[in-house]
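A.B. asks: Quick one: the structure is below, questions incoming.
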Amino acid sequence: MNSAYSTDSQYIHPSILNADFMRIGEELDRISTADSVHVDVMDNNFVPNITFGASMVEQITRRSPLPVDAHLMIDDADRQAPAFAEAGASSVTFHLEAAKAPVRLARELRRKNAAVGVALRPATPVEPLLDVIGEFDLLLLMTVEPGFGGQSFLESMLPKIRRARSAISESNLEVSIQVDGGVSRETIERCAEAGANVFVAGSAIYRAQDATEEISALRELAAAHSAH
Ligand code: DX5
Ligand code: ZN
């Protein structure tokens, strides 16, 4: 399968949700050693917060050499998500809870040359998705309720990561598992051990004195505790 992510590699995706929006260009420069920039799109309906639209994604692709990983926390994903692939996002992740026809949408996004992710809120079970998981490049398991940066990691999500990783491996599929929410030096090892290989970190990286050093520390911890 032509996947943008290898399940044998670890990826660090800083979220700009906690960046200083008045200095966004410099804030993008601070994370130049990361693997992608994670852009949290919120519509004040799917989550009680509002952030950026497709034009912001397009501007980031022009300003930063990093691929854009767009995380859509928006209703009506079937209609809204394609615009983010057209804006140049390298991967587009929509929430299963917000999509009527996730397989059709995944195929449409792939036709628009984006890698495709499907995201689950903490209380959404992964099992009903497993029959169609091969349609996606990435499974995003939220480790906080989506909507805000700086929340505490939900330890109770670790068994869900493990179940997803073993089901995907048993099916011999190349689907990466991304974790998002409360990922830091304290929690990344357990996520990696459970089978995650793509790590979003917002406040851990943007609140660090030295973002480059934080990215490399997270990358080393993830590699040292990788489930592979
Ligand atoms: C939460 C967003 C996350 C958030 C992560 O809804 O999807 O990407 O920015 O922030 P931290 O790492 O601070 O939990
Ligand atoms: Zn996110």
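No value in this document is a laboratory result; all are computed from the given coordinates. Source: prediction; values computed, not measured. FYI the Cβ positions are ideal-geometry reconstructions off the backbone, even for glycines, and counts take in every protein chain you see.
A.B. asks: Would you calculate the volume per residue, in Å³, of the smallest convex hull containing every Cα atom of the chain? Walk me through the numbers on the way to the answer.
C.D. replies: Numbers: hull volume 24.0 nm³, N = 228.
Dividing the Cα hull volume of the chain by its residues yields 105 Å³.
A.B. asks: Turning to a different aspect of this structure: Rank-order 45-52, 130-137 by packing density, defined as the average count of other C-beta atoms within 10 Å over each peptide's residues, highest first.
C.D. replies: Details: 45-52: 15.8, 130-137: 17.8.
Order by mean packing, descending: 130-137, 45-52.
A.B. asks: Give the average over all directions of the projected area of the C-alpha convex hull of the stretch 55-125, one decimal, in nm².
C.D. replies: Values: hull surface 18.8 nm².
Value for the stretch 55-125: 4.7 nm².
A.B. asks: Turning to a different aspect of this structure: Please state the charge dipole magnitude for the stretch 110-205, taken about the Cα centre, from unit charges on C-beta atoms (+1 on K and R, -1 on D and E), reported in debye and rounded to the nearest 20. It would help to have the intermediate numbers written out before the result.
C.D. replies: Values: 10 positive and 12 negative charges, 40 e Å.
My answer is approximately 200 debye.
A.B. asks: Take the Cα gyration tensor of the stretch 41-161, multiply each eigenvalue by 5, square-root it, and list the three semi-axes largest first, rounded to whole angstrom. Don't skip to the answer; put the middle values down first.
C.D. replies: Working: eigenvalues 95, 64, 35 Å².
After scaling each eigenvalue by five and taking roots: 22, 18, 13 Å.
A.B. asks: While we're looking at this one, here's another question. Count charges around Ser152 for me, please; just the other residues with Cβ under 11 Å from its Cβ, Lys/Arg as +1, Asp/Glu as -1. Walk me through the numbers before you get to the answer.
C.D. replies: Working: positive: none; negative: Glu145, Glu155, Glu186.
So the surrounding residues net to -3.
A.B. asks: Net charge near Ser90: determine it from the other residues with C-beta under 13 Å of the C-beta of Ser90, scoring Lys and Arg +1 and Asp and Glu -1.
C.D. replies: -3
A.B. asks: Could I ask something else about it? Among Met42, Met142, Met22, which comes first, then next, by fewest other beta-carbon atoms within 10 Å?
C.D. replies: Working: Met42 20, Met142 25, Met22 7.
Least crowded to most crowded, the residues run Met22, Met42, Met142.
A.B. asks: Within the stretch 213-228, list the residues whose amide N lies under 12 Å from a label point set 7 Å along Cα→Cβ of Asp8.
C.D. replies: 228
A.B. asks: Moving on. Normalise the Debye intensity by I(0) for the stretch 128-228, one equal point scatterer per Cα, no solvent, then take log10 at q = 0.09 Å⁻¹ and round to two decimals.
C.D. replies: Taken in order of the listed q values, log10 I(q)/I(0) reads -0.22.
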